[in-house]
Amino acid sequence: GDKKGDLIGFEIDVANKVAEDMGVTLELVPTEWAGIVPALIAKKFDVIIGGMSITATRNLTVNFTAPYAHSGMSWVANKEIAGDFKLEDFNNSDVVMACRRGATSCTDIQTLFPKAQLRQFDDDTLAFQEVLNGAAHGSLSSAPKPRFVALKYPEKLYVPEPSQLTQANEGMAVRKGDPDALNFLNNWILVNKSNGWLKQRHDYWFSTRDWADQIAEKSNKT
């Protein structure tokens, strides 16, 4: 959130512009990640615009638009307990990896580091805190969150190589059975990719820290 308590970020910009172009009033419904798909199906809201990676499993229960952004998993590790680790050193039964419950990051840890112990938390902030405290060696999350948290605590944390572990395509998710909504959103993405708006907003939030002074100091957003 920002200093006024409003939600800010790339996805918020996207949601605001979608609503404006659709001629509807935007209502944001913050939702626990682990329950976000059931909440969409239960009609608590109409579309997920939250950096959700398009996966075949999720696509069985929701319909995805074309990708509006591309990212992937990055990671952060504790300098003191994993500072000299190479990639393969993290795949060890003595290693603890933290992630956000229900997120792709947990599945990716199991694929990339099957021997490591998996510790799951309700949000990324708690997973990063575990690494900061030295209770976990590392944590995966969508880029650029790990880089920003490493920049915030440079004496404790670092981003190991390779900094990007996976590539991902992020789509908006809607309930099945509404081809008109899907058509509108797909073409909205096409238009805003072509005119450069999506790239410009993505670069602002993910390649710069120009927005940092809008963030309330006490906020635990990462």
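Overview of values
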quantity	calculated
Phi to ³J(HN,Hα) by Karplus 6.51 cos²θ - 1.76 cosθ + 1.60 over the stretch 48-53, Hz, x for Gly, Pro	9, 10, x, x, 7, 6
Inter-site label distance for residue 28 and residue 125 at 7 Å from Cα along Cβ, in nm	1.4
3J(HN,Hα) from dihedral phi, the stretch 144-152, Karplus parametrisation 6.51/-1.76/1.60, rounded to Hz, x for glycine, proline	x, 3, x, 5, 5, 6, 5, 5, 6
Net charge of neighbours whose Cβ lies under 14 Å from the Cβ of residue 25, counting Lys and Arg as +1 and Asp and Glu as -1	-3
Translational D in µm²/s for the chain (Stokes-Einstein at 37 °C, 0.692 mPa s, Kirkwood Rh from C-alpha pairs)	178
Flagged links, alpha-carbon separation over 19 Å, of 43/176; 43/145; 86/156	43/145
Accessible area per residue in Å² at 1.4 Å probe, computed on the stretch 66-196	48
Reciprocal mean inverse distance between Cα atoms of the stretch 44-87 - Kirkwood radius, Å	13.9
Cα extents of the stretch 36-160 along the three principal axes, largest first (Å)	46, 29, 23
Percent accessible area from carbon and sulfur atoms, the chain, protein chains only, probe 1.4 Å	51
Residue 210/residue 94 FRET efficiency (R0 45 Å; Cβ-Cβ; nearest 0.05)	0.65
Centre separation in Å (Cα based) which lies between the stretch 125-202 and the stretch 20-39	17
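The values are calculated or read from the model by the stated rules, or taken from the named source; none is laboratory data. As the structure is a prediction and not an experimental result, all values here were calculated from the model. FYI the Cβ positions are ideal-geometry reconstructions off the backbone, even for glycines, and counts take in every protein chain you see. Surface areas here come from the heavy atoms of the whole protein model, side chains and all, with no ligands, DNA or RNA. Shrake-Rupley method; radii C 1.70, N 1.55, O 1.52, S 1.80 Å.
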